[in-house]
Each structure stands twice: as structure tokens, then as C-alpha cells.
């Protein structure tokens, strides 16, 4: 597919904005419907390796939701609408891992870029706070610093997950050759 990286990033941004904006106006369920449609689109039209993408989505979402629950328990982030973990954030954790083998692959290859990407990810939480879908019990600077550290960990873990899944048997030999040629 031509322009796969661009399509992938537009696909993710559509999901991010849908989930966050709709959560900000108490339409979280509609955001989840849009997320489900985006996942259907990804796995039916965009994905170049469905087993890899499904494994990444499940593994990274489990890690991300688990760590965000810890951040919630340590009161680094909180949710203004309720005491429970918000569904829109779980939706984001299903979408984000599907950017790793596509639009984020070049950045994950270079370890020195990961702390910069982590800073950008922390800023996305600040954007969520500006839409009042999450809050920071600590000062914003401290929360952003903690989130940057957490996202540095995430990105190293996600890089490891991507490398691991692409070495495993989840990838058929014909797909492996396509992936190697796309890395060049």
C-alpha cells in the first residue's frame, strides 16, 4: 500500500482525537464505536501482518493499561469523571501499538530518539488534561517528568516487543521478506 506510514499516522490521529474529544463531551461510547471501526479498517485494509499486529496490540495494551493503572494508584494521573479507569484510555492503548510497525518504526530503530518520543507522549497526556478528560494531582511539571520516564520505559519495551514478534514464528516467511525489504 502506498504511503502506509502517512495512512497509519492519520488513522491513529483520527482515533486519538475521536476518543479524547468525545470523552470530553461525555460521549465516550461513540468514541469507542469509532475506535472499533478504525480497528476493523486496520485489520481489513491497512495491516501488512495481522498476526504481528494483533500480538503487538494485545501485549502493548496490557502493559500500557497496567502501567497507567499504577500511575492512577500512585496519583500521578486521575480521572475527573469517575474513580474508575476510563474506557477511552483503554481504546487508545488498543490503537497506539498499531503505529509501532508502521509510522513509528523509523523512530524505534534509533534508541537515541526514544526519550524525545517519550516527551511527546507525555505531552499528549497534557493535551488530555486540557480537554479535562484527565487530571494531574501533582504539579504539571512533576507529572510530565514522571510520564516522560514512564514513556521512555514503554518505548524501550515496545521496541523489544516489535523486534521479538518479528523474530518469532508469528510472521510467515513471505511476510518476513516484505518487512525486511520495507526496513531498507
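Every read-out reported here was derived from the displayed coordinates using simple, explicitly stated rules and does not represent laboratory data. Keep in mind that what you see is a predicted model, and the values were worked out from it rather than measured. Backbone-built Cβ (ideal geometry, glycine too); neighbour counts: all protein chains shown.
Here residue 65 meets each of (1) surrounded by 15 or more Cβ atoms within 10 Å (Cβ to Cβ); (2) touching a residue at least 40 places away in the same chain (Cβ under 8 Å); (3) under 21 Å from residue 121 (Cβ atoms) with one exception, condition (2). Only helices (runs of 4 or more DSSP H) whose full extent lies in segment 71-133 are considered here, and the ones with at least 1 residues that are farther than 30 Å from residue 50 by Cβ are 114-130. Taking (1) farther than 22 Å from residue 164 by Cα; (2) in contact (Cβ under 8 Å) with a residue 40 or more places away in the chain; (3) in contact with a helix residue (DSSP H, G or I) (Cβ under 9 Å, 6 or more places away or on another chain); (4) in a helix (DSSP H, G or I) in turn, residue 8 satisfies each apart from (1).
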